[in-house]
Structures are given as C-alpha cells and as structure tokens.
1. At R0 = 22 Å, how high is the FRET efficiency between ASP72 and LYS223 if r is their beta carbon distance? Nearest 0.05 is fine.
2. Taking every DSSP beta bridge with both residues inside the chain, roughly what % is antiparallel (nearest 5)?
3. For LYS137 paired with ARG189, estimate the spin-label separation in nm (one decimal), with each label point 7 Å from Cα along the Cα-to-Cβ line.
4. Given a cut-off of under 8 Å on Cα pairs at least six residues apart, what relative contact order in percent is computed for region 186-297?
5. Taking only DSSP H segments of four or more residues, each worth -39500 (n - 2.57), what value at 222 nm results for the chain once the sum is divided by all its residues, to the nearest 500 deg cm²/dmol?
6. How large is ³J(HN,Hα) for each residue in region 122-136, as worked out from phi by the Karplus curve 6.51 cos²θ - 1.76 cosθ + 1.60 (θ = phi - 60°), to whole Hz, x for Gly and Pro?
7. How high is the relative contact order of the chain, in percent, with contacts defined as C-alpha pairs under 8 Å that are six or more residues apart?
8. Considering only DSSP states other than H, G, I, E and B, which GluC sites (Glu not before Pro) in region 160-255 qualify as loop sites with at most 11 other Cβ atoms within 10 Å?
Amino acid sequence: MALRLRMAKKIPKGEEYDVVIIGGGPAGLSAAIYTQRFLLKSLVVAKEIGGQLNLTDAVDDYPGLGKIRASDLVNKFKQHAEMFNATIYHPEEVTEWTRLPDGRFKVKGKRGLEVIAKTIIMAVGSVRRKLGVPGEKELAGRGVSYCSVCDAPFYAGKDAVVVVGGGDAAFEGAILLSGYVKKVYLVHRRSQFRAKPFFVEVAKSKPNIEFVLDSIVTEIKGKESVESVVVKNKNTGEVKELKVDGIFIEIGFEPPKEWFQKLGLETDQTGYIKVDEWMRTNIEGVFAAGDCTSQWLGFRQVVTAAAMGAVAAYSAYNYLVEKGWYKPSEVQVKGTIFQR
Ligand code: NAP
C-alpha cells in the first residue's frame with residue numbers, strides 16, 4: 001500500500017499541456033512557478049528533482065534564505081511549484097519531442113510518457129564531469145564539491161583544499177578559495193592551462209596557491225568527510241598524499257550536445273543550447289533555461305538558473321498569447337494563490 005501511495009500518478013496518454021517543462025532543477029521548477037502564475041497548464045517532467053543542487057551540501061547565496069541545506073532548498077522549490085498546482089512527473093526521462101502539423105509538439109518519455117505540448121521549456125541542465133576515483137561518490141557533499149563559487153565560504157579558516165582542473169572555473173575557484181583557506185593546491189593533469197592568462201597570472205601571484213602539475217588525483221580519502229587526496233605525477237610516477245579539508249572538482253561540464261542537435265536545437269561549439277535574451281531557442285515555441293543554455297556560461301548559480309526559468313516562462317506565455325492559444329481556464333483566487 002505504502003509503495004502504491006509513493007508511485008507517481010500516470011499521466012493520460014495524449015493529455016495536452018500549455019507548457020511541458022523538461023527538467024526538475026532550479027530552472028525547471030522556477031519556470032513551473034511562473035507558468036502556473038500565468039495560468040498555463042504546466043507539466044514538469046524530471047529524471048530527478050533538484051538537479052545540480054543534489055551535489056551540494058548547503059547554499060548561502062540565494063537571496064532571502066540565508067544559509068540553507070541544499071536538499072531543503074530543493075523541497076522549497078518543489079513545494080512552491082506545487083502550491084501553484086504544477087504537475088511534477090518523475091522519475092521520467094524525455095527522449096524526444098516532435099512538432100505536429102498544427103505547431104504543437106508530441107513529447108515522449110522513456111517510461112511511456114506521451115503528451116502534447118503547445119510550448120516546451122528545456123531545463124535539462126548539464127552534467128558536471130566527475131573524476132571517477134575512489135572516494136569521490138562516497139564523500140560528495142562532505143568535502144567533495146563541484147562548485148567553488150558556491151561552496152568556498154564554507155571552508156573559511158580551514159587549513160587546505162585541492163582544486164582540480166586547468167580551466168577558468170578551476171582558476172577562478174583557486175583564487176577565490178585562497179582568500180578563505182590557508183593553502184590551496186591546484187592539481188592539473190598537464191602543465192598548460194585552458195584558463196585565461198589573466199586568471200593564471202593572478203593565481204601565480206598568490207603565495208598560498210601551490211601548483212601540482214602533470215598530476216592526477218587517484219583517490220579521495222576520509223571517514224566522515226574528506227581528510228586527504230592522493231595525487232600521482234604522470235611523468236615521474238611519484239605519489240603524494242595531500243592532507244586537506246576538501247576537494248573542488250572543476251573539470252568542466254558535459255551538455256547532451258548530440259541529443260540537442262538531434263532535436264534540431266542550435267548549440268554553441270561546446271554544446272550548450274543557444275538562446276536569446278528572452279530564452280528563445282532557434283525553434284519557435286521552444287525555450288531553454290539554466291545550465292543547458294549558453295547564457296551566462298561561467299556563472300552557474302541557483303539564482304541565475306531560477307532567473308532564466310522565470311524569463312523562459314514569461315516568453316512561453318507571450319508566445320501562447322501571440323499565437324492566440326492562451327486560454328486560461330476558470331480560476332479560483334485564494335489570497336495571492338491562483339488555482340486552476
Ligand atoms: P573547461 O574549460 O572545459 O576546462 C576543464 C579543465 O578540466 C581542463 O583544464 C581539463 O584539462 C580538465 N579536465 C577535464 N576532464 C578531466 C579529467 N577527467 N581529469 C582531470 N582533469 C580534467 O571547463 P570550465 O573551467 O568548467 O569552464 C567551462 C566554461 O565556462 C568555459 O567556457 C569557461 O571559459 C567558462 N568559465 C568562465 C569563467 C569566467 O570567465 N569567469 C569562469 C568559469 C568558467 P585539459 O586542459 O587537459 O583538457
């Protein structure tokens with residue numbers, strides 16, 4: 001019985017929605033809050049609720065909330081979308097959508113979802129690259145972080161951390177962390193950097209940043225949280241164990257470029273969906289928000305993802321109005337809460 005209660009209700013085949021939002025992270029849930037407030041019938045389809053927040057321990061830079069556990073913030077987003085009666089369907093993975101002759105879309109999922117959408121908001125995020133070494137998964141959120149900008153302040157006064165990577169994110173992270181932590185080891189697999197020369201110069205000028213080059217991380221150790229990181233020099237074979245309080249893995253992202261291109265979405269050269277300032281993609285009626293877009297690349301924050309979701313919702317609403325497809329159903333007004 002308990003199992004039945006926890007199972008998602010089936011969405012009837014062919015059910016029509018004003019907006020289908022693909023993705024259940026901050027961008028997708030923010031889009032759902034706004035589409036519902038525009039009285040659009042919205043469906044959020046998500047593999048998981050929370051997106052990148054599920055890799056984070058705490059958030060202290062979302063306005064108005066102070067410091068909050070990332071899992072609590074995910075629940076707040078979800079409850080907020082549900083307060084406006086958004087339907088959230090998960091776990092389900094959208095595999096394809098195709099345009100129908102009348103301009104609407106047929107959206108299909110891996111587990112049998114098949115619905116009709118007048119507009120689509122892509123908020124599928126992108127996946128942070130992982131090192132794939134022992135200890136990484138086990139200590140994620142307990143000293144293993146994938147976002148220096150998000151988590152650096154939590155390490156204030158700590159003795160040492162490792163930052164992995166040689167791109168802008170790793171350098172930006174190392175520079176930021178050098179203000180909070182006594183010692184920062186920047187571990188990179190080569191001795192050349194992708195990062196902008198400016199970042200490299202600033203990092204080199206910091207006395208507490210030590211470069212550990214031509215080296216790879218082979219293991220992350222710790223019981224309750226990270227205690228040390230094992231690093232191997234690729235040229236000499238020398239193995240070192242660095243005593244640290246945390247490790248920031250900043251080795252880039254992988255958007256599902258091939259899938260986007262198969263859907264006909266234009267991407268930038270790194271694979272992110274190209275959007276204009278109103279989150280419109282190259283396909284009429286399809287909008288995109290959050291980490292899957294090329295917008296504000298390099299500043300991936302919960303607040304920026306949420307902002308993009310809100311803008312995408314507004315654009316979807318305007319699109320429906322322009323098409324003459326906007327037909328808000330009867331609504332009850334309860335205080336400031338609109339319910340369908
Ligand atoms: P990135 O530019 O793709 O760099 C990733 C780095 O991680 C590279 O140095 C790469 O090494 C290394 N790496 C990749 N896979 C690895 C693995 N399995 N093990 C060890 N190292 C690995 O990624 P990013 O730094 O996250 O930046 C992403 C985008 O955001 C870029 O366009 C960047 O310019 C932008 N960004 C901009 C700013 C800013 O301007 N403020 C800040 C952050 C990010 P190799 O070099 O050997 O391939």
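1. 0.30
2. Approximately 45 percent, going by the DSSP bridge assignments.
3. So the two model labels end up 1.9 nm from each other.
4. 14
5. -7500 deg cm²/dmol
6. 8, 9, 8, x, 9, 9, 6, 5, 10, 6, x, 9, x, x, 5
7. Here the relative contact order equals 20 percent.
8. Filter output for region 160-255: GLU224, GLU238.
The values are calculated or read from the model by the stated rules, or taken from the named source; none is laboratory data. Remember, it's a predicted structure, so these values are computed and weren't measured experimentally. We place every Cβ from the backbone using ideal geometry, glycine too, and count neighbours over all the protein chains shown. Surface accessibility is based on the protein's heavy atoms, side chains included, excluding ligands, DNA and RNA. Shrake-Rupley method; radii C 1.70, N 1.55, O 1.52, S 1.80 Å.
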